[in-house]
Amino acid sequence: MIAILPKFSVQQNNTNIYVFHCSAGQGLEKHEHPYSHLTFCTAGSIIVRKENLQHIMTKDSQPVNLKAKEWHEIEALEDGTVFINVFAENTF
């Protein structure tokens, strides 16, 4: 997987929003956080992987809450994919 950085990052009222624009094979490699975050897919498709679990998401999928202190990774499955992570940890 090719690691990417957010295309946009916004902080509003202590909520952080990271918007990722990716091609197939790009995403966020295995990692974890001390906080949970929501992941939305708004275009294309992604696969979210956790230990013994994987979930494919599209714009029609319910957002997923990725728990604090659990490893996960997010990978785009097609070009033109957009996904958004939303969390309440001040990292700016």
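Derivation of every value follows stated rules applied to the coordinates shown; laboratory data play no part. No experiment lies behind these values; they were computed from the predicted model shown. Backbone-built Cβ (ideal geometry, glycine too); neighbour counts: all protein chains shown.
Side notes on the structure shown:
- Ranked list, fewest to most other Cβ atoms within 10 Å of each Cβ, for 57, 1: 1, 57
- Computed over the chain, the quotient of the alpha carbon radius of gyration and 2.2 N^0.38 Å is 0.99.
- Here the range 33-57 is scanned for amide nitrogen atoms under 14 Å from the site 7 Å beyond the Cα of residue 88 along Cα-to-Cβ, giving 35-38.
- Non-local lysine pairs in the chain, meaning eight or more places apart or on different chains, with alpha-carbon distances under 17 Å, amount to 5.
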